[in-house]
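What follows is a short report on a single structure.
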Amino acid sequence: MRITNRVVTEKYLRSINDITTRLDYLNNQAVRERSFMKVSENTPAAVKAFQIRKDLIRVDGYKNSVSHAQSMLTNAETSITNIQSLVQDAKDKILYGMNGTQSVDERRIVAQQLRNYQQEMLQQLNSNATDLYYFGGNSVDAEPFKLDTDGKLMYRYKDGADFKWIRVENLHTSPDPSAGPTDPSYELYKDLQSAGLFVDIGMGIRSENVPPSPAGAPYVDRNSVFTYTLTGLSVTGAGMVEMSDGTKVSNNIYDILGAVADAFEDSFVNKTGQQEDYTHDRVDELYGLLRKCEIGVQFSITEVGTKTQYLRFINQSLANRELDDKTRQQGVEGADLAEVIIYYTAQEVTYSAALQMGTKVIPMSIFNYMS
């Protein structure tokens with residue numbers, strides 16, 4: 001009889017343990033809203049779930065890249081807008097200085113103001129955030145612009161693993177016939193114009209079968225990635241241009257402002273006390289060059305706006321993709337909460353009934369009466 005009672009008790013305890021295990025499992029399903037907890041429970045669904053999770057992680061990475069690129073472009077746009085304001089102010093000062101009623105001292109004051117604009121412009125061209133310089137192209141870890149010993153603007157670029165400096169005026173914006181079939185300076189200028197840091201935002205990154213360019217472009221198809229940094233050469237302009245008097249001047253906004261300042265400072269008073277102004281025609285011509293370079297500034301603002309608008313589109317596409325993935329994930333991994341609650345309630349009833357039955361199945365001991 002004792003053996004029979006012991007067997008019944010053991011079976012009862014095992015049943016209670018099974019019921020509580022099932023109750024705990026259903027509770028986890030309700031809390032976590034998952035249809036299975038282990039891969040072994042539903043292997044095909046688990047494989048699909050892992051694939052969906054992998055895509056969700058990938059989408060999250062793309063979204064972070066988009067956010068980083070948007071931040072860089074927003075900051076770059078602010079700097080370009082500031083440069084545009086400086087150019088507009090400089091134009092107003094130049095027109096003021098070109099007025100025939102201004103004295104030599106007044107023109108020299110204008111020249112000093114233009115040099116101040118140059119300094120502010122250089123600061124904007126070297127603006128950065130978190131040690132990333134907006135206008136460095138593919139070389140954003142250090143200032144992209146500096147001045148040569150004679151005050152002319154220079155640009156830093158990456159040549160393979162090395163970094164080099166070149167005077168902006170020495171870059172040819174169009175092929176020089178005298179350089180032969182291929183103009184190295186023009187080829188470098190083209191490479192620098194297209195150089196920049198890029199991120200993968202889900203367009204399907206592809207590699208190219210061509211060696212890196214002199215500007216250090218990697219083996220990546222640039223149509224499969226998003227380039228988010230700008231080359232400052234697009235903002236400043238580059239090369240040289242021949243004036244009507246046969247002289248050549250730098251064709252970038254920084255050096256042009258310096259040339260105008262030099263011209264204003266060259267005004268003088270002759271022996272009879274008359275002010276000589278032989279620089280008027282030259283300043284007028286330089287003013288025209290500055291207006292042409294300003295178009296490059298405006299184009300850069302448009303380019304940033306286009307890139308920013310494209311990133312908004314990509315960001316929305318990624319949000320839709322993430323939503324689709326989560327919907328699929330719910331379909332694969334998600335549990336029917338109403339169904340789980342019904343099963344859980346039924347299991348609770350079973351558990352309560354089992355406990356009540358235990359008072360009859362398990363014999364009373366002396367310990368039950370000691371309390």
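The values are calculated or read from the model by the stated rules, or taken from the named source; none is laboratory data. Nothing here was measured: the structure is a model prediction, and the numbers come from that model. No Cβ is skipped: glycine too gets one built from the backbone with ideal geometry, and neighbour counts run over all protein chains shown.
If you go through the stretch 61-69 one residue at a time, do you hit one that is closer than 21 Å to Leu125 by Cα, in the same structural domain as Thr130 (by TED's automatic domain parsing) and either in a helix (DSSP H, G or I) or among the charged types (D, E, K, R) (or both)? Yes, the stretch 61-69 contains a residue that is closer than 21 Å to Leu125 by Cα, in the same structural domain as Thr130 (by TED's automatic domain parsing) and either in a helix (DSSP H, G or I) or among the charged types (D, E, K, R) (or both).
Gly273 meets each of the listed conditions (1) among the small types (Gly, Ala, Ser); (2) assigned to a loop (DSSP other than H, G, I, E, B); (3) modelled with pLDDT of 90 or more apart from (3). Could you grab the pairs with beta carbons closer than 8 Å, sequence gap of 6+ or different chains, first residue in the stretch 327-348 and under 23 Å from Phe50 (Cβ atoms), second one at pLDDT below 65 and among the aliphatic types (A, V, I, L, M)? Partner pairs satisfying both residue conditions: Val340/Leu26. Among the residues of the stretch 1-28, how many are part of a helix (DSSP H, G or I) and at pLDDT below 65? Matching residues across the stretch 1-28 total 4. Under the condition of being in contact (Cβ under 8 Å) with a residue 24 or more places away in the chain and not in a helix (DSSP H, G or I), which residue from the stretch 248-265 is farthest from Glu120 (Cα to Cα)? Among those residues, the one meeting the criterion is Val249. Going residue by residue through the stretch 321-331, is there one that turns out to be of a type outside the set (Val, Ile, Thr), at pLDDT 70 or above, touching a Gly at 6+ places or on another chain (Cβ under 9 Å) and part of a helix (DSSP H, G or I)? Yes, because at least one residue in the stretch 321-331 is of a type outside the set (Val, Ile, Thr), at pLDDT 70 or above, touching a Gly at 6+ places or on another chain (Cβ under 9 Å) and part of a helix (DSSP H, G or I). Looking only at residues in the stretch 147-195 that are more than 16 Å from Gly239 (Cα to Cα) and charged (D, E, K, R), the one that is surrounded by the most Cβ atoms within 10 Å (Cβ to Cβ) is Lys158. Under the condition of being closer than 16 Å to Asp281 by Cα, surrounded by 17 or more Cβ atoms within 10 Å (Cβ to Cβ) and under 41 Å from the mean Cα position of the chain (by Cα), the residues counted in the stretch 94-110 number 1.
With respect to the conditions (1) in contact with a Phe, Trp or Tyr (Cβ under 7 Å, 6 or more places away or on another chain); (2) in a helix (DSSP H, G or I); (3) of a type in the set (D, E, K, R), Lys190 lacks only one, and its number is (1). Within the stretch 54-88, the residues that satisfy the criterion of being of a type in the set (A, V, I, L, M) and either at pLDDT below 90 or under 12 Å from the mean Cα position of the chain (by Cα) (or both) are Val66, Ala69, Met72, Leu73, Ala76.
For every residue, the table says whether it meets (1) among the acidic types (Asp, Glu); (2) at pLDDT 90 or above.
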| position | (1), (2) |
| --- | --- |
| Asn99 | no, no |
| Asp105 | yes, no |
| Asn126 | no, yes |
| Phe135 | no, yes |
| Ser139 | no, no |
| Phe145 | no, yes |
| Ile166 | no, yes |
| Ser185 | no, yes |
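Being farther than 24 Å from Glu285 by Cβ and outside any helix (DSSP H, G or I) is the requirement here; does Asn138 meet it? Spelling it out, Asn138 is indeed farther than 24 Å from Glu285 by Cβ and outside any helix (DSSP H, G or I). Among the residues of the stretch 121-160, those identified as polar (S, T, N, Q) and on the phi < 0 side of the Ramachandran plot are Gln123, Gln124, Asn126, Ser127, Asn128, Asn138, Ser139, Thr149.
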